[in-house]
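Remarks on the structure that follows.
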Amino acid sequence: MRIAVLSSPGAWHYLDLKRAAGSDHEVFSFRFEELSASIERERGFSLKADCVVVRTMASGSLQQVVFRMDLLGQLAASKTLVLNSPRSIEAAVDKYLSLALLNEAGVSVPETCVSQEVDIALQGFDQLGGDVVVKPLFGSMGRGLVRLQSPVKAKQLFEDLVDSGSVVYQQEFIDHGGSDIRLLVLGEEVFGMKRTNPLNWITNISQGGFGEPYNPTSQEIELAIRSARAVGAHFAGVDLMYESITGRQVVLEVNAVPGWKAISQVLGIDVAKIVIQQIETLISAR
């Protein structure tokens, strides 16, 4: 089986998949920038692979991003297995759309306001209690998060965002007591890791948090799978949080290009091997 990994050739996750596949399968990498296509009578875009694993969402212009997603869609339509599907990646990378889909699926999410004008954003700031987290609409690993508790600073940041052509995406700040839960969904399997950061409210491992094994309950497993399926993802990272005072449970977001380096180390499991096994199962079932 030929497995193409959308990734730079030196990326850790690509090399981990290549290691896990061993001599059983051919695993090779390619970059979004390498994609091209032609429109001819009996030709279009094709890639000689049984499966494409999307391990990156490289930044680019609107034209570049749309073209790349078009080609992934063509691959999926041509019966190539694409993980995750183009639609699920589009949904999950867009924080507003993914949160809306989670809400429609009955998943509890943080109160959120998204706006394009400063005055409306300030109304949202008040509506959310004057203590909010502002996030980039597209982003991951806890980068670009800002907590605001001052109307003056909020106005300043909102003006900067609007002037730069960005939307203002803000959520209520939820006191989680310094920890949250990352649930890694691999098909019907779910693995858990508790992330804690005693020095910062941002718990991401890349932002200074540390992980420890977490045994999810049956209800959390069901919630994680439902959240992943809400955005159409087969593989996903689901961030789950409990409010420290009330115990309220919320899903913060779903990542359709989830990393597994930290959770592999914390749990002592070979996630890449499980991914390869699931690709084998999905291919054989087609």
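The values are calculated or read from the model by the stated rules, or taken from the named source; none is laboratory data. No experiment lies behind these values; they were computed from the predicted model shown. Backbone-built Cβ (ideal geometry, glycine too); neighbour counts: all protein chains shown.
Restricting attention to the range 237-286, and to residues there that are among the polar types (S, T, N, Q) and either assigned to a helix (DSSP H, G or I) or assigned by TED's automatic domain parsing to the domain that holds Arg143 (or both), which single residue is farthest from Thr80 (Cα to Cα)?
Taking the range 237-286 as the starting set, the residues that turn out to be among the polar types (S, T, N, Q) are 244, 246, 249, 255, 264-265, 277-278, 281, 284.
Going one step further and asking which of them are either assigned to a helix (DSSP H, G or I) or assigned by TED's automatic domain parsing to the domain that holds Arg143 (or both), we end up with 264-265, 277-278, 281, 284.
Working: Ser264: 28, Gln265: 31, Gln277: 17, Gln278: 15, Thr281: 14, Ser284: 12 Å.
The extreme case among them is Gln265.
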(message) Need pairs with beta-carbon distance below 6 Å; first residue under 24 Å from Gly268 (Cα atoms) and within the range 212-230, second not hydrophobic (A, V, I, L, M, F, W, C); sequence gap 6+ or separate chains.
(response) Glu212/Lys194; Tyr214/Gly192; Tyr214/Lys194; Pro216/Gly192
(request) Taking Ser88 as the residue in question, decide whether it is more than 22 Å from Asp270 (Cα to Cα), under 22 Å from the mean Cα position of the chain (by Cα), surrounded by 16 or more Cβ atoms within 10 Å (Cβ to Cβ) and in contact (Cβ under 8 Å) with a residue 12 or more places away in the chain. (result) yes
(request) Kindly list, by first and then second residue, each pair from a residue in the range 94-120 that is at pLDDT below 95 to a residue that is buried (at least 19 other Cβ atoms within 10 Å of the Cβ) and among the aromatic types (Phe, Trp, Tyr), limited to pairs with Cβ atoms under 7 Å and residues at least 6 apart or on different chains. (result) Lys95/Tyr169; Tyr96/Tyr169
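Results for (1) hydrophobic (A, V, I, L, M, F, W, C); (2) under 19 Å from the mean Cα position of the chain (by Cα), shown as yes or no for each residue.
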residue: Ser8; (1), (2): no, yes
residue: Ser23; (1), (2): no, no
residue: Phe28; (1), (2): yes, no
residue: Glu33; (1), (2): no, no
residue: Ile39; (1), (2): yes, no
residue: Val54; (1), (2): yes, yes
residue: Arg68; (1), (2): no, yes
residue: Leu72; (1), (2): yes, yes
residue: Leu102; (1), (2): yes, yes
(request) Starting from residues that are under 13 Å from Asp180 (Cα atoms) and in contact with a Leu (Cβ under 8 Å, 6 or more places away or on another chain), keep the ones in the range 202-219 and report whichever is modelled with the lowest pLDDT. (result) Ile202
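Regarding Leu47, is this residue in contact (Cβ under 8 Å) with a residue 40 or more places away in the chain, of a type outside the set (Ser, Thr, Tyr) and crowded, with 20+ Cβ neighbours inside 10 Å?
Working: in contact (Cβ under 8 Å) with a residue 40 or more places away in the chain: yes; of a type outside the set (Ser, Thr, Tyr): yes; crowded, with 20+ Cβ neighbours inside 10 Å: no.
The answer is no for Leu47.
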(request) Give me the pairs, please: first residue somewhere in the range 253-280 and closer than 20 Å to Arg229 by Cα, second residue anywhere and part of a helix (DSSP H, G or I) and of a type in the set (Ser, Thr, Tyr), beta-carbon distance under 8 Å, and either six or more positions apart or on two chains. (result) Glu253/Ser98; Val254/Ser98; Val254/Ser227; Ala256/Ser88; Val271/Ser264
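Please find, within the range 160-218, the residue that is surrounded by the fewest Cβ atoms within 10 Å (Cβ to Cβ) out of those that are of a type in the set (Asp, Glu) and in a loop (DSSP other than H, G, I, E, B).
Applying the first criterion (of a type in the set (Asp, Glu)) to the range 160-218 yields 160, 163, 172, 175, 180, 188-189, 212.
In the following step, the residues that additionally are in a loop (DSSP other than H, G, I, E, B) were identified as 175, 188.
Working: Asp175: 12, Glu188: 9.
My answer is Glu188.
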